[in-house]
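Read the figures in this text as sums done on the coordinates, not as results from a lab. Note that the structure is a prediction, hence the values are computed from the model and not measured. Cβ placement follows ideal geometry from the backbone for every residue including glycine, while neighbour counts extend to all protein chains displayed.
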């Protein structure tokens, strides 16, 4: 009935569920390892993560405003796509 979008949703749920169990199984071990690390040595790791996330954040902000400025077509939400409506259509008032 829904075709490919339903397959993507089911696959995403399965991968997310497996990732959740992996995180829960390994979280205790990570907590015990972090408990033995001095706090001062965690700052370089946080700085490295921030350096990786900063370009991704900047690219997403630029893409968001660039599409708005260039009058780009809005991307439909998952709910609208499943209902078969485009992003431009307004929901019917009841």
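Enclosing the Cα atoms of region 1-65 in their convex hull gives a volume equal to 110 cubic angstrom per residue. Placing dummy labels 7 Å off each Cα toward the beta-carbon, the span from residue 62 to residue 17 is 4.0 nm.
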